[in-house]
Every structure is written in structure tokens, then in C-alpha cells.
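Read-outs throughout are calculated quantities, based only on the coordinates presented, and are distinct from any laboratory measurement. From a predicted model like this one, the values you see are computed outputs, not experimental measurements. Because the Cβ atoms are built from the backbone with ideal geometry, glycine has one as well, and the counts that use them run over all protein chains shown.
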Amino acid sequence: MNVVAVYSRTAERAKKFAENHGLKYWYTDMDEMLKRPDIDLVSVIIPNYLHAMAALKAIEHDKHVIVEKTFTTTVEDAAKVVDAVKEERLKSYVRREHALLTRRFAEPSR
């Protein structure tokens, strides 16, 4: 998997992230980023109240989505995202923040 671009609501944050991670492309306009044909999957890592909006925009642009936990802030928004994924025959996944780290520390020591 290759990270192609980053989006942030502020140019300063987007540019800094791109520079720190060797990315050529950064955006402050989500729709512009989502028009890229070389993006297949979008990882939604923004404030929880924006998860449904970002996931739905990605789905509208025929992108698979990974959404950080909390998936959405309302049951209605969750249903909209799930319905859109099914309708477009895309894949979605809810990622629990720091899941690997949590599992590592939860394992009994030997």
C-alpha cells in the first residue's frame, strides 16, 4: 500500500504532514483530493463528528474507506455510511485506534 496524498482543513498542517512523510501531494479541499484516480482507499482520521461526512464523500468518489473508531456520532449517520458502502459495492472497515499497541500490552507476560 502506498500513501498518495493527505488532506487537512488547514494548509499548514497538510503541508507539514506531507513534508514529514515524504508525500508529494497535500490538499485542503477533500473533493479535489478524492478526484485522484490513483486513490483507492481513504483512511478517515479526523474529528469524530466529521467521520460520516468524510466517509460518504469518499464513497461518492468510489473509494473504499477505513474509519477510526468512533465510526460515526449517530446511528443514523452509521446507517447512511453502511447503506452507501453496500450500494456502491465497496469495502469499509472501522479501525480501533492503537489496536495493536493495546493488544501488545494486554498480553500476559511470560
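Quick notes on this structure:
- Sites matching trypsin sites (Lys or Arg not before Pro) across region 1-57 that sit in DSSP coil, with at most 15 neighbouring C-beta atoms within 10 Å: Arg9, Lys24, Lys35
- Tyr25 sits among other residues whose Cβ lies under 11 Å from its own Cβ, and their net charge, with Lys and Arg +1 and Asp and Glu -1, is +1.
- Taking the chain and dividing mean pair separation by its residue count, relative contact order in percent (alpha carbons under 8 Å, at least six apart): 19
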